[in-house]
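Report on the structure given below.
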Amino acid sequence: MSLPVRTSAPDAGTTAGPSTAAASTAAPSGASAPASGPTPAELLDFVRTTASDTDLISSLPLDPEGRTWIRLDGPAGSEAWLIGWPPGTGTGWHDHGGSHGAFATATGTLKEDSLAARLPTEGWKTLELAEDVDRERRLTAGEGRAFGRHHVHEVRNESGDEHAISVHAYFPPLPLMRRYSRTGAVLRLEHVERPEEWQ
């Protein structure tokens, strides 16, 4: 697998900025992950099981204009979210601040674009991606995926007329989320969201 090949130094003052609609939000956590806690596979089991709870899924209020969410109790100190996705909405490119996690679709279909490369988390503002790092998957009701601490992706509901609902879980609870823009092979760090911006 190829790795990113070029980076540029970050600009001063770009590590925080205004929040965009976050797919997942959280309370602060420590800088490093505790040694114990649920694994990505355990989080995947949790989100799949939770996504099959029809009473919970039907309790989420849906908004035709924007995403809606409810915080859930995740297993063993993790955080979890039930998220509603109106047609045409998405997260944009982002990471999870060093947390690992999982998500599963409860209704509708979500498309995930991700990068099959471990990106450096600090010390760059723009990065040119090597060829063949892009991955794409579609997750229909009942399908889910787990991911590691360095996962960078975007998730979208590409339906023109159907809401999607999904369950997400992260451990440790998200300390931050880095937001990126992408033009072709160039990924650019736009800002870093911290928990106080999500509340």
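The values are calculated or read from the model by the stated rules, or taken from the named source; none is laboratory data. Only a predicted model underlies this, so the values are computations on that prediction, with no experimental measurement involved. Cβ: placed from backbone, ideal geometry, glycine included. Neighbour counts: every protein chain shown. Heavy atoms of the whole protein, side chains included, go into the accessibility calculation; ligands, DNA and RNA do not. Shrake-Rupley method; radii C 1.70, N 1.55, O 1.52, S 1.80 Å.
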Completion exercise
Restricting to Cα pairs under 8 Å and 6 or more apart, the percent relative contact order of the range 54-118 works out to 25
Completion exercise
The set of residues whose placed amide H lies less than 5 Å from the amide H of Trp93, leaving out same-chain residues fewer than 5 positions away, is Tyr180
Practice task
Whenever you get a sec, compute what percent of the accessible area on the range 55-196 sits on carbon and sulfur atoms (1.4 Å probe).
Solution key: 46
Problem - Long-range HN-HN contacts of Ala106 with modeled amide H, under 5 Å - result: Gly142, Ile165, Ser166, Val167
Problem - Phi-based couplings in Hz for the range 130-145 (Karplus 6.51, -1.76, 1.60; Gly and Pro marked x) - result: 6, 5, 6, 9, 7, 10, 9, 8, 10, 10, 8, 3, x, 9, x, 8
Completion exercise
Any GluC sites (Glu not before Pro) in the range 104-134 that lie in a DSSP loop and have at most 12 other Cβ atoms within 10 Å would be Glu122, Glu131
Practice task
Give the peptides 171-177, 42-48, 56-62 in descending order of average Cβ contacts within 10 Å, highest first.
Solution key: 171-177, 42-48, 56-62
